[in-house]
Amino acid sequence: MTPTSLVPFDVDVPDVNPDFSAPFFQGFQVIASYILAGAMMVVLIMLIIAGAALAFRGIASDRVRTWAGENILWIFIAAAVLGAASGLFQWFVNFDFGF
């Protein structure tokens with residue numbers, strides 16, 4: 001019996017270059033942008049309503065002025081947190097409102 005001649009390096013394997021781009025991440029970025037933009041708009045509207053209710057006596061009822069007085073600090077905190085989150089999002093993944 002003659003041994004078959006097998007050369008272990010006969011196979012030509014091309015270099016593998018992985019592609020790390022995931023197309024669904026762009027969709028996640030757009031969805032996160034929509035959520036951040038919507039939340040920022042809601043907080044801005046709440047801030048305008050609360051500020052107007054506190055600044056002008058005849059523009060809102062007593063219940064609205066009481067609500068504004070109790071919650072305006074929390075609205076400012078929410079605006080600051082959303083602003084910081086939007087800034088970090090812009091810094092990491094290029095903020096895109098998706099319009």
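The values are calculated or read from the model by the stated rules, or taken from the named source; none is laboratory data. These numbers were taken from a predicted model, which means no experiment stands behind them. Neighbour counts are summed over all protein chains in view; Cβ atoms, including those assigned to glycine, are modelled from backbone coordinates with ideal geometry.
Whether any residue in segment 56-63 is in contact (Cβ under 8 Å) with a residue 12 or more places away in the chain and surrounded by 12 or more Cβ atoms within 10 Å (Cβ to Cβ) is what I want to check.
no
Can you find even one residue in segment 37-47 that is surrounded by 11 or more Cβ atoms within 10 Å (Cβ to Cβ), touching a residue at least 60 places away in the same chain (Cβ under 8 Å) and of a type in the set (A, V, I, L, M, F, W, C)?
Yes, the conditions are met somewhere in segment 37-47.
Please tell me if ALA32 is exposed (fewer than 11 other Cβ atoms within 10 Å of the Cβ), closer than 21 Å to LEU88 by Cβ and either at pLDDT below 90 or in contact with a Ser or Thr (Cβ under 6 Å, 6 or more places away or on another chain) (or both).
Against the criterion (exposed (fewer than 11 other Cβ atoms within 10 Å of the Cβ), closer than 21 Å to LEU88 by Cβ and either at pLDDT below 90 or in contact with a Ser or Thr (Cβ under 6 Å, 6 or more places away or on another chain) (or both)), ALA32 does not qualify.
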